[in-house]
Amino acid sequence: MSDNQEILKRLRELEEENARLKQNQEIKSGVSVVEGNYKGRPILTFYGTFKPFTLGIKKLKAIKESWAEIEEFLKRHKEDDESDVKI
């Protein structure tokens, strides 16, 4: 990779990081989702009152296909979630 390409790639990475940091500062409660890419593949990064995490297309599709089971799980464990210590 040429020096110019490396510089442009690094600049894009820094701009994405800057956007994530700005959004993270604005989060008071709830969840913020930022679209990005990892090694050229699309991802979503979730920010909130928890440690940020990232999901790609395959995992998001699996979640979508399992949504009914996820909702039932959340209903069963709603009380447990409310007592969790926030990080």
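Any read-out appearing in this document is the output of simple, stated calculations on the displayed coordinates, not a laboratory observation. Every value quoted in this text rests on a predicted model; they were computed, and no experiment measured them. Don't worry about glycine lacking a Cβ; one is built from the backbone with ideal geometry, like all the others, and counts go over all protein chains shown.
A Cα-only calculation for the stretch 3-82 places Rg and Dmax at 16.3, 54 Å.
In plain terms, the chain from Lys22 to Ile7 could stretch by 3.2 nm, reckoned as 0.36 nm per residue minus the Cα-Cα distance. The distance between label points at Val33 and Lys51 comes to 2.2 nm (points 7 Å beyond Cα on the Cα→Cβ vector).
Taking 0.36 nm per residue of separation and subtracting the Cα-Cα distance, full extension of the segment from Lys59 to Lys78 would add 4.5 nm.
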